[in-house]
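See structure below.
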Amino acid sequence: MGNGLMSNRDRRECPAALRAAIRYEVKGNAAMKVLVINCGSSSLKFQLIDSGSEQCLAKGLCERIGIEGSMITYAPEGGDKEKTVTPMPDHTEAIRLVLEALTNPATGVVKSLEEIGAVGHRVVHGGEKFAESVVIDDGVLAAVEECNDLAPLHNPANLIGINACKKLMPNTPMVGVFDTAFHQTMPEEAYMYGLPYEYYQKYKIRRYGFHGTSHSYVSAKAAEVLGKKYEDLKIIVCHLGNGASVSAVKNGKCVDTSMGLTPLEGLIMGTRSGDIDPAIIEFLAHKEDRSIDEIMSVLNKKSGVLGLSGNLSSDFRDLEDGYNRGDANAVRALNTYCYRVAKYVGSYVAAMNGVDVICFTAGIGENAPLVRNFVCGYLGYLGVELDQEANHKRGEDIVITTPDSRTTVMVIPTNEELAIARETVRLVG
Ligand code: ADP
């Protein structure tokens, strides 16, 4: 029975208690189907992942939860995407519909909910309380709730999703995977702001960073693809999606990242300003006769490349088209965006006293060769030599520098859902 499996003879001769123990042991090592939930205030993304093959079995999205015109999009692997407009007054109903879709006799991918071994929940803010993923229990829920102040738009929605799942699947283990957890290894000099220390003591105002699941997955994957030890490398990850952040990962640990107390800090993003002089807020409030809340809304929703391009677009496909037409708005937005990324890369080279690998990931990082080209154009001092043919490939883990390049630059497609599923299995499998 060396392989952990029982022969028929073993089964006949094995006492019941031992059989149960062996079954448990086998189950513990077996693959399971993990439901990954990413819950927003009015939306919910889901994926069912087989942890053995690491394949996505089905995925989808519930939109306009609690708003008129709500709909669920469901796509089984290899099957057709179906969209159903149906009332979703709350998240419990949304999750009920997700579970119904997954078990639908015609298009579902599991026969019953019993087949779902665990649920992994993305939780945006774990504050200083969570440096790792955790199995969710009442204590964890209370601790997440205490972080609500730090992410008032996201954490309450994440909690609603967890509670709705608990209601419908009370016996299925659940794991919380935090966007902030990977960054908890930052040293004090990287996470403190130059503010009166009492604000850190009273309110925990500090840099937390986000996209941690992606930064962790991509940096580890880069080491794996290169066949090098994660613990031996200095890696910079540029996660360039609608929201965007850079991280410095030294010897397998995050030592700095560009987002801060909130996701507003750092890079210029789709619609977020990233770093600005904080005095601009007061200046604009006076000039435009607007409240702080209104200015914050401008910084979050009307700035970034959308604002910089004079409202041309927040989508890089449009900006690239505009750039190729010579549109001055697109040129300004792209140049300013890429310059900021390059500045962050430079500051993290300084923070780590060097860099071995620079990774691009997320919607823009994976799909916009022009952006990678511009950013790498600033990195001559690192001996970066782009391989233009490789830089135009898509959808794979790939090195985009020449063999002679002193620093390696890679594109690593991120997979936050898979990373959440892996964490879930690690804790409850
Ligand atoms: P988020 O998860 O933060 O919503 P994503 O990682 O999905 O963001 O990235 C969305 C961004 O990716 C959009 O700005 C979009 O313009 C960009 N993007 C997607 N596909 C392409 C493409 N083919 N070329 C250039 N940009 C792309």
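Treating only the Cβ atoms of Lys and Arg (+1) and Asp and Glu (-1) as charged, compute the dipole magnitude of the chain about its Cα centre; round to the nearest 20 debye. Write down the numbers at each step before the final one.
On the way: 44 positive and 54 negative charges, 149 e Å.
Once rounded to the nearest 20, the dipole reads 720 debye.
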Charge dipole (debye, nearest 20) of segment 29-170; +1 at Cβ of Lys and Arg, -1 at Cβ of Asp and Glu
300
Which Cα, out of VAL85, SER112, VAL124, lies furthest along the positive dipole direction of segment 83-128 (beta carbon charges, K/R +1, D/E -1)?
VAL85
Would you give the gap between the C-alpha center of segment 412-429 and the C-alpha center of segment 76-115, rounded to a whole Å?
21
Quick check: at a probe of 1.4 Å, how many percent of the accessible area of segment 86-226 sits on carbon and sulfur atoms?
52
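Can you pull the Rg over Rh of the chain, Cα-only, Kirkwood?
Numbers: Rg = 23.3 Å, Rh = 23.4 Å.
Across the chain, the Cα-based Rg/Rh ratio is 1.00.
Could you list, in their original order, any pairs among LYS45/LYS234; LYS45/LYS129; LYS45/LYS111; LYS129/LYS253; LYS166/LYS250; LYS33/LYS167 whose Cα atoms are separated by more than 29 Å? Working shown, then result.
Values: LYS45/LYS234 33 Å; LYS45/LYS129 25 Å; LYS45/LYS111 21 Å; LYS129/LYS253 18 Å; LYS166/LYS250 38 Å; LYS33/LYS167 19 Å.
Table pairs above 29 Å Cα-Cα are LYS45/LYS234; LYS166/LYS250.
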With the 1.4 Å probe rolled over protein heavy atoms, the chain has an accessible area per residue in Å² of 48
Once R0 is set to 56 Å, what does the formula 1/(1 + (r/R0)^6) return for the Cβ-Cβ distance between TYR203 and ASP404, expressed as a FRET efficiency to the nearest 0.05?
0.65
Roughly how far apart, in whole Å, are the Cα centres of segment 320-390 and segment 265-319?
21
Using 0.36 nm per residue of separation minus the Cα-Cα distance, give me the extension gain between ARG290 and LYS229 in nm, one decimal.
16.7 nm
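If a/c stays under 1.5 just call it rounded; otherwise compare a/b with b/c (prolate if a/b is bigger, oblate if not). Do that for segment 23-178, with a ≥ b ≥ c from the square roots of the Cα gyration tensor eigenvalues.
On the way: a/c = 1.99, a/b = 1.10, b/c = 1.81.
The shape class here is oblate.
Efficiency by 1/(1 + (r/R0)^6): what FRET value for TYR193 and ARG394, r their Cβ-Cβ distance, R0 = 41 Å, to the nearest 0.05? Write down the numbers at each step before the final one.
Details: r = 39 Å, r/R0 = 0.94.
Efficiency at R0 = 41 Å is approximately 0.60.
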The farthest towards the positive end of the charge dipole of segment 125-220, of the residues VAL134, HIS215, THR172, given +1 on Cβ of Lys and Arg and -1 on Cβ of Asp and Glu, is THR172
Which of PHE178, PHE130, PHE210 moves most in a GNM of the chain, Cα contacts under 10 Å?
PHE130
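With a cut-off of 8 Å between alpha carbons and a minimum separation of six or more residues, what is the relative contact order of the chain in percent?
Working: 834 pairs, mean separation 57.8, N = 429.
Reported as a whole number, the value is 13 percent.
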Inter-probe distance in nm under a simple model that places probes 7 Å from Cα toward Cβ, at GLU132 and LYS343
3.8
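The values are calculated or read from the model by the stated rules, or taken from the named source; none is laboratory data. Just so we're clear, the structure is a prediction, and the values are computed from it rather than from any experiment. Cβ sites come from the backbone with ideal geometry, for glycine too, and all protein chains shown count toward neighbours. Please note that ligands, DNA and RNA were not included when accessible areas were found on the heavy atoms of the full protein model with its side chains. Shrake-Rupley method; radii C 1.70, N 1.55, O 1.52, S 1.80 Å.
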